[in-house]
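Every number here is computed from the coordinates shown, using simple stated rules; none is lab data. The shown structure was predicted, so the numbers you read here are calculated from the model rather than taken from an experiment. Cβ placement follows ideal geometry from the backbone for every residue including glycine, while neighbour counts extend to all protein chains displayed.
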Amino acid sequence: MSVNDSTVTAEVEIELLVPGQPERIALRSTWAYDSYDPLAVRVDFLMPLGGPERWTFARELLAEGLDAPAGDGDVVLQPEADLDHVRMLLRGANGAAAVLWAAERALRDFLDRSYAHVPSGGEQCTSALDRWLVGVLEED
């Protein structure tokens, strides 16, 4: 796991659950939190055949999903009964879905590091909003 001035990252082993198959496919993933986008986490799943698949969702969704079922859209998180793992359901725009499984401790460590960097409730969106507003006003 690494931290620089604006970003917290972690490499997390993920398993892809294959419908109708007892085995799972191990995937690497890189989780990132950037204080310039303080409400979101980004995940790059490194696929065996092809490039990374990037997903971005709310940091709050990750926090909630480690302790109880959370999400009802493209990203749904649910702790497993053993409480050591988290199941992630990702639904793509094309209707495809993937079910992934990750160690709860690795995700919680990443989340805790992100909160050490920017505490919950301490997110400042002003600079991003200002940049967006300047861009919109300059278009006219």
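Only helical runs count toward this figure. For the chain, summing -39,500 (n - 2.57) over DSSP H runs of n ≥ 4 and dividing by all residues gives -7500 deg cm²/dmol at 222 nm.
According to a simple spin-label model (label point 7 Å from Cα along Cα-to-Cβ), what is the distance in nm between Leu17 and Leu39? Calculated label separation equals 3.0 nm. A Förster distance of 25 Å, applied to the separation of the beta-carbon atoms of Glu64 and Asp109, puts the FRET efficiency at 0.90. Under the combined filter of DSSP loop state and at most 14 neighbouring Cβ atoms within 10 Å, segment 4-48 retains these GluC sites (Glu not before Pro): Glu23. Coupling constants for segment 16-28 follow from the phi torsions by the Karplus curve (6.51 cos²θ - 1.76 cosθ + 1.60, θ = phi - 60°), and in residue order they are 8, 7, 9, x, x, 10, x, 8, 10, 9, 6, 10, 8 Hz; glycine and proline get x. From the coordinates of this entry, percent of Cα pairs over 22 Å apart is computed, and it appears in (i) 53; (ii) 42; (iii) 68 under the label (ii).
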